[in-house]
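A short write-up of the structure that comes next.
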Amino acid sequence: MPEVVGVGASPKRKEDLRFVTGHGNYVADIKRPNMSFGVFLRSPHAHALIRSIDTSEALEQPGVKAVFTGEDMKADNVGGLPVGWGISGKDGNPMKEPPHPPIALGKVRYVGDAVAFVVAETVEQAEAAAELIEVDYETLPHVVGAVEALQPGAPQIYDEVPGNLCCDWDLGDCAAVDAAFETATHVTSIDLVNQRLVGNPMEPRAAIGEYDAANGQHTLWTTSQFPHVVRLLMGEMVLGIPQHKLRVVAPDVGGGFGVKQFHYAEEAVVTWAATKLGGAVKWVCQRSEGFISDAHGRDHVTQAELALDTDGKFLAMRVRTYANMGGYLSTFGPNIPTNLYAPLLSGVYVIPSIYCEVKVVFTNTVPVDAYRGAGRPEATFVVERLVDTAALEMGIDKFEIRKRNMIPTESYPYQTPVLVEYDSGDPLGCLERSMELADVAGFAERRSASEANGKYRGLGVSTYVEACGLAPSRLAGQLGARGGLYESANVRVHPSGAVTVLIGTHNHGQGHETTFAQIVSERLGVPFENIDIVFGDTDKVQFGMGTYGSRSLVVGGSALNKASDKIILKGRKIAAHQFEAALEDVIFEKGEFSVSGTDKKKSFPEIAGAAYVPFDFPLETLEPGLEEQAFYDPVNFTYPGGAHICEVEIDPDTGVVRLDRYTAVDDVGTIINPMIVEGQLQGGIVQGVGQALFEHGVYDEQSGQLLSGSFMDYCMPRADNFPDFTIKPHSTTCTHTPMGVKGCGECGTIGSPAAVINAVVDALRPLGVSHVDMPASPNRIWNIINNSGARAAAE
Amino acid sequence: MTITFTLNDRSVTVDVEPSTLVSELLRDTLELTGTHVGCDTSQCGACVIHLNGESVKSCTLLAGSVDGQELRTVEGLAGGTDDLHPMQVAFRDNHGLQCGFCTPGMLMSSIDLVNRNPDPTEEEVREWLEGNICRCTGYQNIVKSVIAGAQALRDASRGDDHA
Amino acid sequence: MKAFSLQKPASVADAVAALGSAEDVLPLAGGMTLIPTLKQRLSECAALVDLSDVPELRGISLEGDVLVIGAMTRHTEVANSDVVRKAIPSLAALASRIGDQQVRNRGTIGGSVANNDPAADYPAAVLVLNAEIVTNVRTIPADAFFIGMFETALEPGEIILRFRFPVPDMAGYAKFASPASRYALAGVFVARTGDSVRAVVTGAASSVFRATDVENALARDFQPGALDRISIDPSEFLSDIHADKDYRGHLAIVMAKRAVQTALALAE
Ligand SMILES: Cc1cc2nc3c(=O)[nH]c(=O)nc-3n(C[C@H](O)[C@H](O)[C@H](O)COP(=O)(O)OP(=O)(O)OC[C@H]3O[C@@H](n4cnc5c(N)ncnc54)[C@H](O)[C@@H]3O)c2cc1C
Ligand code: FES
Ligand code: FES
């Protein structure tokens, strides 16, 4: 019996049947008629002039159809890759925005920069030919670190960007902060590195371009989180293809995490190459190629200070961050360490004044952009490391200092000194609940037990708040966004009463096909199995901004809710006509239209059927059909938050940090599907712990090479690195989204790094350790222990 | 070279280049794209299939080496969409997948585990899955799924014994 | 991958004939090292000779106090063999921790030892027990086999047929795995036979080597505590993003102690 499955239930996911049987449809799985294969020749140098490129031998190889260089694209008037969000500096001037050609022109700026594109009948032929391309490079001195790139005399990456400074940005009241620091009884200062990460969704990127000359129609299949945005950016700004002649399809996508939320050069190159050659051109990224061509994440160097009064109350915060942009600006690159970072520096605390400056810097590395959390994990790490260090320095308990400074629940809505206004939240409730669940009271005993085994044990806590549901277009526009950030949903009710939803977000693991169907099932009383969610194809879905920034449910789900409202209204009109009743008297409840005070009723399918048989409709006032569309533009960001507590045990002989316990209590607003929310948190926590303990994109200063360029050297979290987690919701309702939802996609990644590092520092506290950089790798921890031993011996 | 092997209980004869990998043979020639490729250093496990009942990385196996052998891929686990393998059911029931990219490899590895060790502990499951990387789930629900799948298989074989 | 031809001989004689003496014709064992390097175009070859159908290269047996293991024996077979578990349990334990299960289902002892990766596990076992490496032309004692990084005494066209491990009185292996690749950052195998103690370090330097100071200390007293004052000079050790030289030097001693502990525990 088909059933309504509504809000709060955890049905089996609709999408899973195809995945567990091997019938997913990822870009690499797609075959097209007359398809050839492309590979990129990439720069082995971090910084070099291209004196010449000789493609003649490559072109003579069997099966080779073409070899394209940057000059070929330029000659064809192909534009540079655009930036979707511009920022302006302290001086009010816009950031420096040098051109970003899809294939390098005259100069390469990082190891992995594309130099040529070879198309052949098979991948092997293209690979063999690529090896025969002769590029005459004149190598230049390079720089890989943001701080180093600002030093006088550092290599110049762009002639038009003096000192490699893309933008000198700030937020907050500098004078007020200076004044508050003057009055402080205690100032805590820390230096932090938020290391470079490589997102590594398990599905490598891939793209297929196709050109149908007879119809002048271009198609791009791509591993993207936002096909409509790719169509807009690539069509309008790079290739000059009119929107109606370009179809972008993002079918099943094997994880995104931000990595697939940019418009990449390869998308433009395959689409353009297909136009030149006819038929289809396919490129599938190898993992080792992905390491040097997927946009990376994070890479901040930060100095931060917190001013406190005698009672340990926060007075002010001052933060200076150097943010590495890599060799070019990626789609959202400059927005991440600025607009998505500094406004979160208040955390869940009352901090009367905050000033943050960010130096956004070019270097000879892979471009850096959003990676799960994007700016908010960086901010949380700064806040929570500062607070923990201040507690240690002032001899205040780590929970007590947090409670003393927390925004009281009754103070919501709360305006921070850094732009944002939190609508709702209960940080104290989250913290107390997490302390209970984590058995903080029993920690001392567990620590003694570890000590008896010769191990160090530490407990760490991190609270957090994040801004998601990107984004209110008005606010985003003021902050430099070059497009709106609403979402759209179309609800198509078929004559049978079954529903197809066309939505502009993109599902790549988040379970939208299930969650969104639950919303419709609840709102319209339609059985869950009679609802399908369609996404990822610009020829099917009206428009959309895609999935990132935990926006799908918040913005897309709200659009869907709004479209459902319209369906109900239209249904009531039809029912009113059929019942010969007044519209105000027709009510819709539990899938039935009825006239109040009478026993007249009709089911949703009956009205749906009637909508398509309008024999007696008053056509001037009642249109046939039952299909509605809505765009939803949020009025504010949403602010999920929570408290995470973890315990680690450290083996002093080897420096290994073992995660022993992890507890998370999160406020994600209304929960549509508890199973999916918990899954999002589990995955997010593991990614955050990955940053804290394992992952590091390491560049060699000498050679400019990425040393951690494969899974042999880039440490991905594995199943045996983790215990079972305790995850519980503690929700308050968002006051401005129609269903009260806040979003949950990034919470885990935002709360966890500081919780883990705070625990590591706590464990090593007996050795006088006050800070540990990420990742807390065995070698790093052993060095700390060893040095403290040497120090103790010397004393 | 021409090779003949059993694939998902059917005999297959194909012409392959000696340098063809089994992952390429399956995906490109035989159009069984359930077997995924997630790396080029033999570490992610997205490509795991069964060779004579044992889990192996199809991206590190030459087609020429499977001549005369028996292969099974994720497509060969279920009798049909309403006749799933208990491990497939367990992954669905326990939300053991998100984007689904690692899932075929996870299923094939897990089934090899429970074939050898019908009642694995959580720790044994976590260790066994060392060669299967998932970026989405944080592994928590994968571990739960494998344990539930093992239980279901034990229950099923007990049922068979009675029958 | 670049194209190559593939042969599947059914006997050692055919395999040797197929290999000839050309440098670009290589034996293929489990392929767990060879195929990734070919795939990434890090090396190339004209032909591969797949050894998996050669029956003489398989099998595990105990001949007196010598454990004989065929070159094509998979890691998982060694790990689960009752014969190995009884004769040299530490060798079974070593095999059970190589790579992941799918690597162990394919990878072979012959391929691992022939490859002599500086971070591989088996070379430590072969050297610590001074096993004999029996090839199609000669028998090479382990002491003369491992030359340097990825370098052995094998000549082109020469294949390993089997290994002959003298069974020690007690032995133990401890490995500190790289968190990323799970290969050894430092692994130490210790073995005692009569009064003689050998200790071999893998993962730390360009090739496996005997740690003589460790051996001497353990010969006096086969206890972890005997190593409290021993150190290994790390100046020639490898250094990379996962472990610097000093850390590897330290780990080698920690692993040596754990190996002794394991040896004692297994002997009980
Ligand atoms: C993900 C992963 C993790 C790994 N982790 C570890 C680890 O933790 N520890 C570890 O020790 N190893 C590890 N390995 C390597 C693994 O053990 C390999 O199996 C081994 O190094 C090579 O064995 P093979 O049988 O696969 O040989 P192949 O790859 O087939 O061959 C390797 C080399 O040996 C030659 N060769 C093969 N057989 C013979 C023979 N009989 N005579 C002469 N030459 C021969 C080949 O020509 C080739 O040059 C790992 C591998 C992978 C992919
Ligand atoms: S594709 Fe990664 S292990 Fe095979
Ligand atoms: S479900 Fe996405 S990688 Fe595992």
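The values are calculated or read from the model by the stated rules, or taken from the named source; none is laboratory data. Keep in mind that what you see is a predicted model, and the values were worked out from it rather than measured. Quick reminder, even Gly has a Cβ in these numbers, built from the backbone with ideal geometry, and neighbours come from all protein chains shown. Just so you know, the surface numbers come from the protein's heavy atoms only, side chains and all, with ligands and any DNA or RNA stripped out. Shrake-Rupley method; radii C 1.70, N 1.55, O 1.52, S 1.80 Å.
Looking at A:663, A:726, A:638 in this structure, which one is in contact with a strand residue (DSSP E or B) (Cβ under 6 Å, 6 or more places away or on another chain), open to solvent by less than 20 Å² (accessible area, probe 1.4 Å) and farther than 26 Å from residue A:299 by Cα? Full working, then the answer.
Values: A:726 fails: open to solvent by less than 20 Å² (accessible area, probe 1.4 Å); A:638 fails: farther than 26 Å from residue A:299 by Cα.
Sole residue among the options that is in contact with a strand residue (DSSP E or B) (Cβ under 6 Å, 6 or more places away or on another chain), open to solvent by less than 20 Å² (accessible area, probe 1.4 Å) and farther than 26 Å from residue A:299 by Cα: A:663.
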**Message:** Looking at the stretch C:222-264 only, could you name the residues that are more than 9 Å from every other protein chain (Cβ to nearest Cβ), part of a helix (DSSP H, G or I) and open to solvent by 60 Å² or more (accessible area, probe 1.4 Å)?
**Reply:** C:245, C:261
**Prompt:** From the list C:26, C:42, which one is more than 16 Å from ligand 2 (Cβ to nearest atom) and surrounded by 19 or more Cβ atoms within 10 Å (Cβ to Cβ)?
**Reply:** C:26
**Item:** Top-ranked residue of the stretch A:763-777 - restricted to ones that are touching a helix residue (DSSP H, G or I) at 6+ places or on another chain (Cβ under 8 Å) and part of a helix (DSSP H, G or I), ranked as most open to solvent (accessible area, probe 1.4 Å)
**Value:** A:765
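Just checking, which of B:75, B:17 is more than 29 Å from residue C:183 (Cα to Cα) and assigned to a loop (DSSP other than H, G, I, E, B)?
Values: B:75 fails: assigned to a loop (DSSP other than H, G, I, E, B).
Only one candidate passes the filter, namely B:17.
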**Asked** Which members of the stretch B:27-65 meet the condition of being within 15 Å of ligand 2 (Cβ to nearest atom), of a type in the set (Val, Ile, Thr) and assigned to a helix (DSSP H, G or I)?
**Response** B:60
**Prompt:** In the list C:99, C:107, which residue meets the criterion of being within 14 Å of chain B (Cβ to nearest Cβ), crowded, with 22+ Cβ neighbours inside 10 Å, within 14 Å of ligand 1 (Cβ to nearest atom) and under 28 Å from residue A:653 (Cα atoms)?
**Reply:** C:99
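Residue by residue, here is whether (1) assigned to a helix (DSSP H, G or I); (2) buried (at least 22 other Cβ atoms within 10 Å of the Cβ); (3) out of contact with any Asp or Glu (no Cβ under 9 Å at 6 or more places or on another chain); (4) not small (Gly, Ala, Ser) holds:
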position	(1), (2), (3), (4)
A:385	yes, yes, yes, yes
A:388	yes, yes, no, yes
A:400	yes, no, yes, yes
A:403	yes, no, no, yes
A:410	yes, no, yes, yes
A:419	no, no, yes, yes
A:448	yes, no, yes, no
A:451	yes, no, yes, yes
A:454	no, no, no, no
**Asked** In the stretch A:44-159, which helices (runs of 4 or more DSSP H) lie fully inside it and hold 1 or more residues that are open to solvent by 30 Å² or more (accessible area, probe 1.4 Å) and more than 30 Å from residue B:25 (Cα to Cα)?
**Response** A:56-59, A:70-75, A:146-149
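From B:96, B:131, grab the single residue that is away from ligand 1 (no atom under 16 Å from the Cβ) and in contact with a helix residue (DSSP H, G or I) (Cβ under 7 Å, 6 or more places away or on another chain). Step through it out loud before you land on a result.
Details: B:131 fails: away from ligand 1 (no atom under 16 Å from the Cβ).
Step by step, each of B:96, B:131 is checked, and only B:96 is away from ligand 1 (no atom under 16 Å from the Cβ) and in contact with a helix residue (DSSP H, G or I) (Cβ under 7 Å, 6 or more places away or on another chain).
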**Prompt:** Of the residues that sit in the stretch A:472-511 and are surrounded by fewer than 21 Cβ atoms within 10 Å (Cβ to Cβ) and under 30 Å from residue A:609 (Cα atoms), which one is nearest to ligand 3 (Cβ to nearest atom)?
**Reply:** A:500
**Request:** Give just the number: which of (1) within 16 Å of ligand 3 (Cβ to nearest atom); (2) crowded, with 20+ Cβ neighbours inside 10 Å; (3) of a type outside the set (A, V, I, L, M, F, W, C) does residue B:85 not satisfy?
**Result:** (1)
**Item:** Residue among B:121, B:137, B:73 that alone is open to solvent by 50 Å² or more (accessible area, probe 1.4 Å), modelled with pLDDT of 95 or more and among the hydroxyl-bearing types (Ser, Thr, Tyr)
**Value:** B:121
**Request:** Report, by residue number, each residue of the stretch C:64-81 that is in contact (Cβ under 8 Å) with a residue 12 or more places away in the chain and either open to solvent by 50 Å² or more (accessible area, probe 1.4 Å) or in the same structural domain as residue C:15 (by TED's automatic domain parsing) (or both).
**Result:** C:65, C:77, C:80
**Request:** Give the residues of the stretch A:211-242 that are in a helix (DSSP H, G or I) and either without any contact (Cβ under 8 Å) to a residue 24 or more places away in the chain or open to solvent by less than 40 Å² (accessible area, probe 1.4 Å) (or both), sorted by residue number.
**Result:** A:227, A:228, A:229, A:230, A:231, A:233, A:234, A:235, A:236, A:238, A:239
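Results for (1) assigned to a strand (DSSP E or B); (2) open to solvent by less than 10 Å² (accessible area, probe 1.4 Å); (3) in contact with a Ser or Thr (Cβ under 8 Å, 6 or more places away or on another chain), shown as yes or no for each residue.
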| position | (1), (2), (3) |
| --- | --- |
| A:268 | no, yes, no |
| A:280 | yes, yes, yes |
| A:297 | yes, yes, no |
| A:311 | no, no, no |
**Message:** Need the failing condition index for residue B:127 against (1) in a helix (DSSP H, G or I); (2) within 16 Å of ligand 3 (Cβ to nearest atom); (3) facing another protein chain (nearest Cβ under 7 Å); (4) farther than 24 Å from residue B:32 by Cα, just the number.
**Reply:** (2)
**Fill in**
So, first residue farther than 14 Å from residue A:511 by Cα in the stretch A:537-566, second residue of a type in the set (Asp, Glu), Cβ within less than 7 Å, six or more apart or across chains; the pairs are A:544/A:487; A:545/A:487; A:555/A:487; A:559/A:487; A:563/A:628; A:566/A:628
**Asked** Scanning the stretch C:176-200 for residues that are part of a strand (DSSP E or B), open to solvent by 10 Å² or more (accessible area, probe 1.4 Å) and within 14 Å of chain A (Cβ to nearest Cβ), which turns out farthest from residue C:227 (Cα to Cα)?
**Response** C:177
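For the stretch B:30-45, how many residues meet the condition of being away from ligand 1 (no atom under 13 Å from the Cβ) and in contact (Cβ under 8 Å) with a residue 24 or more places away in the chain?
Result for the stretch B:30-45: 4.
Just one of B:79, B:68, B:53 is open to solvent by 10 Å² or more (accessible area, probe 1.4 Å), more than 7 Å from every other protein chain (Cβ to nearest Cβ) and modelled with pLDDT under 95; which is it?
The match here is B:79.
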**Boolean, residue C:155 is over 30 Å from residue B:58 (Cα atoms), out of contact with any Lys or Arg (no Cβ under 9 Å at 6 or more places or on another chain) and either more than 16 Å from ligand 3 (Cβ to nearest atom) or within 14 Å of chain B (Cβ to nearest Cβ) (or both)** = yes
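Check A:759, A:719 and return the single one that is without any contact (Cβ under 8 Å) to a residue 60 or more places away in the chain, surrounded by 22 or more Cβ atoms within 10 Å (Cβ to Cβ) and not assigned by TED's automatic domain parsing to the domain that holds residue A:109.
Values: A:759 fails: without any contact (Cβ under 8 Å) to a residue 60 or more places away in the chain.
When all the criteria are applied, what remains is A:719.
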**Message:** Looking at C:172, C:148, C:203 in this structure, which one is within 14 Å of another protein chain (Cβ to nearest Cβ) and either open to solvent by less than 20 Å² (accessible area, probe 1.4 Å) or within 16 Å of ligand 2 (Cβ to nearest atom) (or both)?
**Reply:** C:203
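May I ask you to verify whether residue B:152 is closer than 30 Å to residue A:257 by Cα, out of contact with any His (no Cβ under 9 Å at 6 or more places or on another chain) and either open to solvent by less than 10 Å² (accessible area, probe 1.4 Å) or modelled with pLDDT of 95 or more (or both)? Step through it out loud before you land on a result.
Working: closer than 30 Å to residue A:257 by Cα: no; out of contact with any His (no Cβ under 9 Å at 6 or more places or on another chain): yes; either open to solvent by less than 10 Å² (accessible area, probe 1.4 Å) or modelled with pLDDT of 95 or more (or both): yes.
No: the conditions fail for residue B:152.
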